[in-house]
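The values are calculated or read from the model by the stated rules, or taken from the named source; none is laboratory data. Values in this document were obtained by computation on a predicted structure and should not be read as measured data. Using ideal geometry, Cβ is built from the backbone for each residue, glycine included, and neighbour counts are taken over all protein chains shown.
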Amino acid sequence: MKIRSLKLREAHKPAGVDRPSCCSVLWDQRAHHLVTASSSDPAISIHDALLPSSPPRILRHHRDGVTALAISPNSTCLASGSIDHSVKLYKFPGGDFQTNVTRFTLPIRALAFNKSGSMLAAAGDDEGLKLINTIDGSIARVLKGHKGSVTGLAFDPNGEYLASMDSMGTVIYWELHSGATLHTLKGIAPNCGSDFSVINVLSWSPDGETLAVPGLKNDVVMYDRDTAEKLFSLRGDHLQSVCYLSWSPNGKYMATSGLDRQVLIWDVDKKQDIDRQKFDERICCMSWKPIGNALAVIDTAGKYGVWESVIPSSMKSPAEGIPNSRSNNSNGLLLFDEEEEEYEEPSAAGSISDPGEDSFGESGPPCRKRLRKQSTYDELWEEDDNDKLSSPPKPKSRKECHDKKKASDNVHDGLGSIMLPARSKMQDAFQPGSTPAQPGKRRFLCYNMIGSITTIEQEGYSHIEIDFHDTGKGPRVPSMTDHFGFTMASINENGSVFANPCKGEKNLSTLMYRPFCSWASNSEWSMRFEGEEVKAVALGTGWVAAITSLNLLRIFTEGGLQKHVVSLEGPVVTASGFKDELAVVTHSSDCLSSGDQVVEFTVFNISKSTKAMQGRLPLTPGSQLMWFGFSEEGLLSSYDSKGLLKIFASQYGGSWVPLFSASKVKRSDESYWVVGLNMTNLFCVICKSPDLFPQVAPKPVLSLVNFSIPLASSDIGAETLENEFILNYTHLSQIHHKIEAAAQAGMDVSSLEDDVFNVEAAQDKCILRLIASCCNSDKLARATELVKLLSLEKSVRGAIKLVTALKLPNLAERFNSILEVRLLAEKGPKDASALNVQDSASTSITAAAVSEKKTDAIMTLTTPKLSAPLFIKKVKSQEGTRVGGSDQIDQDVNPSIPNDGATKFKDQKIALQTNVGGEIKKPGNVHELQSERPSSGFPKSTDNLEKIKNAGQAHRQPPQRPSNPFLKSAVK
Amino acid sequence: MAVQSEPDYSLFTAQEIEFVAEDELIEIVPNMRMDPLNLICGDFGPFLPQIAAQVPLWLAVALKKRGKCTIRPPEWMSVEKLTRVLEAERDSEREFQLLPFHYVEISRLLFDHARDDIPDIYMVRSLIEDIRDVRFHKVQSSLETFDGRTSAVQIKSLSAMEVNIVRPFVARALQSFQKLDSLLPETDSTPNNQPQEADKASKGRRVLRGR
């Protein structure tokens, strides 16, 4: 027998000298790719088999070495298990991370897909091995019986059994239907103890008739499928025990690798070895090429290679005559949907199965397969009826099953989706700030800026805990035992509301409200719903809202009075409450063919019983709503799965404005889980990839993230400034909106006016810096536009200084003329417009003047509403301006100028007149025209008309502003 | 080391060094709302519940004692990082790993006051103790190579506590060497007889010991 040598290439770094690691290698179904992993390397490599020299695609999602790999039979999905206790799924061959399908408490050692790809078995050092439904990620079953760590898993190709093997050499046959143990064969394989570089494996022959297991006498022993009797063994030249074995695709040959560092190829029928190869290191994993005559091997040092033409040409090819060959089209269950938050919305996402095409298009309809598929679902059913045997499933999947039973509008219906053509589904209802259920772990029912509600399920009960972030303020709420199995909750300062979906006949959907403090002793209440199911809950001051599966919005008072029942226009997505306002998001139609959700929002004012707003809720294409709520100021906000945060701003008569885009800021390994926001910051929990949501323990910490508007990358390269610029405008318009509201309500607006002044000062600072960067990149027209947006006169002077310093006299002249126009306009709008008509050369100024005239007209109408503080404020600001202008203008673009002026004069209302007098006397570079202004600045010394003009002046800039930035961004 | 056990020999007491270390900044997660604190050493806050803030260690400990915050252990205090440091410390004979200047004191304070905030506290604690022992052993063994030619000792990235223990001893030892040295030239005063050798000797003395 000739000995050939095979060159191996390094795919993974070895753990160290004399520290063998357990590596794995896999072919995909078409033999286009080779996937390798090592227990000493957290990365998984996908090598292109056709271009072996090209660098592999690396998937780095695990935190520790990868011990197990599995590819779904149709090669659309790759699963990996790791020492870091997690099992992850990826798209294949793209390698996009899909989801953390499950977590263990100890390292994973083995993974296996069943032949249809609908089930993934995972096992390791944990006590039980898990069967995971790949459609929705639910744990279908936990099988317990092994004493040691499970190192080998194999689904029977005919779909009835699962064989598993542990490190002590025990093999168990499980019946998949019932989860029962059929046979336990103790000590039939070598005991490899705790050395995890040697793992016991086992493998079914491709026809499913025999199970191959490494034997105790350096051989491979075959066991019968049904009786588990020993049939025969392959014994030959292995000097030490066999550590890996692999059937050829047609089941005629077998490759075995031994601890003696050789690989033997066997003709199984003749029970004879036909070829062998010696290696430098022990081969710890092998994989036959699905099409062709080759074997991929990987050794304990992480080196892999492909052994071509393993079987001599005189013999039958290993891929020839594959039993019941359906390798090219497994049942076509496309495992995953395009959505990212598969895990968040299991029932919504698993849906995209397009078996329609595939299973009907199959050439030979294998009835056996149908049966098998049926059995998978049977299992789901059984598991549902029979909670004791398996681990408690997620409430969501229960809900699904329930829907199935009702055979209602099968939106979340697994069976139904098989019959439907491929398309994404309408998003399921969710509570903002909740995390999906994870077996055995505490999860958030609600997490907001006030506190959190967490729950954990233990033996049929749940334990609910309520915590306030501010422990000093909120009352101490004792933890409670929950017999209902609440899955929805909401919390505010006054109380908490809970609801559960209905589970069968006996367990109706219940809504419960617990006030935190009440003078009455038994003020908690609950409502039961017959024939309908609560889908979302929300809380506000003095009211509780529940939205049900019948699309009814039910409003209760704090005491439990059923106050209103309103019909909604579609199935609910989520709801959120803030003071008097309730915002509900509903589906307005089925998904578009592109997979986009069609949702709309409605805002109700509960105390006034009015509908405040209604409209479409825009989502980024292909995304789902992830969070929905109010900002601290009460602005409606939404965050979608593509990482775009939008608020409902008053601009353009009320529209959604994107304020934050995760893709702009995020480092690739982080995702943002939004909790709330205020005017300037987003509060969120930053989750390290691949987690999309935080765990309850350790307690998540909120991070403040600055807004970053998804701006186009501009030619002046000052994106942060431009971002700040727009944000300031948004902020300003929000304050002005508030001032108007407050003025209408006859409230004092002076503090808001102060805010306006501060923001305006900040905005001027920002604009000046933008002007500088515009000048630096020679965009003079833009700089001129910017100057017109400055709100303080002193800032304009600063801009002139700036351009003079930058040696742009042309621009400085232009700025000067703008300033003159401005001062004239302040003196009297008529003069200004006259001057502008003369100055016909600059058309833009004329346009500005026209708009000024317009706003003046508007302002004359609104002035009666404006109260006195405004005037004082105006004077103050002028004061600040002037002093700054005369004293500090030499410091050109000192950003603190406006603020200085403001603070200096904040408390000097009384000293105002004398100050002004002093100012006028001051010699130097006070502009000639400026002397006109103090007189118009005094409310007392001027007539009424002047006052109105002044008010218009104070108010003129803001209404114009919102339009300007957007004009600008449109130009970009 | 003899010096270690006798506090009289060290320049500062351990408490004093700890006091100095309390000015180091550390991240806390408050569970109350509080306006910014304008202290002499700087402005801290505002404090919002569940949002991390940087404060001096003494403030963190004070708040922690009142149950007003949880302390986030610094990055270097994770098992992973410390294991790496310990390994590196053991691997290299001479080099000292980069750790915060006050790592002994900070970890001590956190172990005393914030034991529930440190994940794997036993592991972290034993790791830090190991690191400290290993480093100390290194300091000790490097000081053993002291001889009459040494006029200065340079050890990079030594921490406050370690320096404090070593410094008085080293200073005194160098002093006495110097005293002995100054006696020496009088005994064999051979002026300009062997200028080259004298030159060499003085050169050798000035060379800093790279540690």
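List of remarks:
- Residue match in segment A:671-684 (condition: assigned to a loop (DSSP other than H, G, I, E, B) and hydroxyl-bearing (Ser, Thr, Tyr)): yes
- Against the test of being away from chain B (no Cβ under 14 Å), small (Gly, Ala, Ser), buried (at least 17 other Cβ atoms within 10 Å of the Cβ) and without any contact (Cβ under 8 Å) to a residue 24 or more places away in the chain, the options A:662, A:741, A:745 yield a single qualifying residue, A:662.
- Of the strands (runs of 3 or more DSSP E) lying entirely inside segment A:15-80, those carrying at least 1 residues that are of a type in the set (Lys, Arg) and modelled with pLDDT under 85 are A:57-60.
- Residues located in segment A:144-198, provided they are surrounded by fewer than 16 Cβ atoms within 10 Å (Cβ to Cβ) and of a type in the set (Gly, Ala, Ser): A:178, A:180, A:187, A:193, A:194
- When segment B:50-73 is limited to residues that are over 22 Å from residue B:164 (Cα atoms), away from every other protein chain (no Cβ under 14 Å) and not in a strand (DSSP E or B), the one that is farthest from the chain's Cα centre (by Cα) turns out to be B:65.
- Every listed requirement among (1) without any contact (Cβ under 8 Å) to a residue 24 or more places away in the chain; (2) within 25 Å of the chain's Cα centre (by Cα) is met by residue A:454 save one, (1).
- The test for being within 14 Å of another protein chain (Cβ to nearest Cβ) and at pLDDT 90 or above holds for residue A:682.
- Residue satisfying all of: in segment B:74-100; under 30 Å from residue B:34 (Cβ atoms) and part of a helix (DSSP H, G or I); farthest from the other protein chains (Cβ to nearest Cβ) among these: B:76
- Of all residues in segment A:448-476 being farther than 21 Å from residue A:693 by Cα and touching a Phe, Trp or Tyr at 6+ places or on another chain (Cβ under 6 Å), the one that is nearest to the other protein chains (Cβ to nearest Cβ): A:474
- Test result for residue A:703, of a type in the set (Gly, Ala, Ser), part of a strand (DSSP E or B) and in contact (Cβ under 8 Å) with a residue 12 or more places away in the chain: yes
- In segment A:483-494, the qualifying residues are those that are over 20 Å from residue A:430 (Cα atoms) and away from chain B (no Cβ under 14 Å), and the one that is modelled with the lowest pLDDT is A:483.
- Qualifying residue in segment A:424-438 (condition: more than 20 Å from the chain's Cα centre (by Cα), modelled with pLDDT under 90 and away from every other protein chain (no Cβ under 14 Å)): no
- Answer from A:166, A:156 - the residue that is in contact (Cβ under 8 Å) with a residue 12 or more places away in the chain, of a type in the set (Asp, Glu), within 20 Å of residue A:254 (Cα to Cα) and in contact with a strand residue (DSSP E or B) (Cβ under 9 Å, 6 or more places away or on another chain): A:156
- Those strands (runs of 3 or more DSSP E) lying entirely in segment A:180-229 with at least 2 residues polar (S, T, N, Q): A:181-185
- Matching residues, segment A:169-186, being in contact (Cβ under 8 Å) with a residue 60 or more places away in the chain and out of contact with any Lys or Arg (no Cβ under 9 Å at 6 or more places or on another chain): A:177, A:178
- Among the candidates A:740, A:753, the residue that is more than 21 Å from residue A:814 (Cβ to Cβ), assigned to a helix (DSSP H, G or I), touching a Pro at 6+ places or on another chain (Cβ under 7 Å) and at pLDDT 85 or above is uniquely A:753.
- Residues in segment B:18-34 that are away from every other protein chain (no Cβ under 14 Å) and not hydrophobic (A, V, I, L, M, F, W, C): B:18, B:22, B:23, B:24.
- Number of the exception - residue A:772 against (1) in a loop (DSSP other than H, G, I, E, B); (2) closer than 16 Å to residue A:725 by Cβ: (1)
- Residues within segment A:787-815 that are of a type outside the set (S, T, N, Q), in a loop (DSSP other than H, G, I, E, B) and farther than 17 Å from residue A:773 by Cβ, tallied: 1
Conditions (1) away from chain B (no Cβ under 13 Å); (2) under 24 Å from residue A:633 (Cα atoms); (3) surrounded by 15 or more Cβ atoms within 10 Å (Cβ to Cβ), marked per residue:
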| site | (1), (2), (3) |
| --- | --- |
| A:699 | no, no, yes |
| A:702 | no, yes, yes |
| A:705 | no, yes, yes |
| A:712 | yes, no, no |
| A:715 | yes, no, no |
| A:723 | yes, yes, yes |
| A:728 | yes, yes, yes |
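- When B:43, B:23, B:112 are checked against the criterion of being charged (D, E, K, R), modelled with pLDDT of 90 or more and assigned to a strand (DSSP E or B), a single residue qualifies: B:43.
One line per residue, one yes/no per condition, for (1) surrounded by fewer than 20 Cβ atoms within 10 Å (Cβ to Cβ); (2) closer than 20 Å to residue A:591 by Cβ; (3) without any contact (Cβ under 8 Å) to a residue 12 or more places away in the chain:
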site: A:622; (1), (2), (3): yes, yes, no
site: A:625; (1), (2), (3): no, yes, no
site: A:634; (1), (2), (3): yes, no, no
site: A:642; (1), (2), (3): yes, yes, no
site: A:651; (1), (2), (3): yes, no, no
site: A:655; (1), (2), (3): yes, no, yes
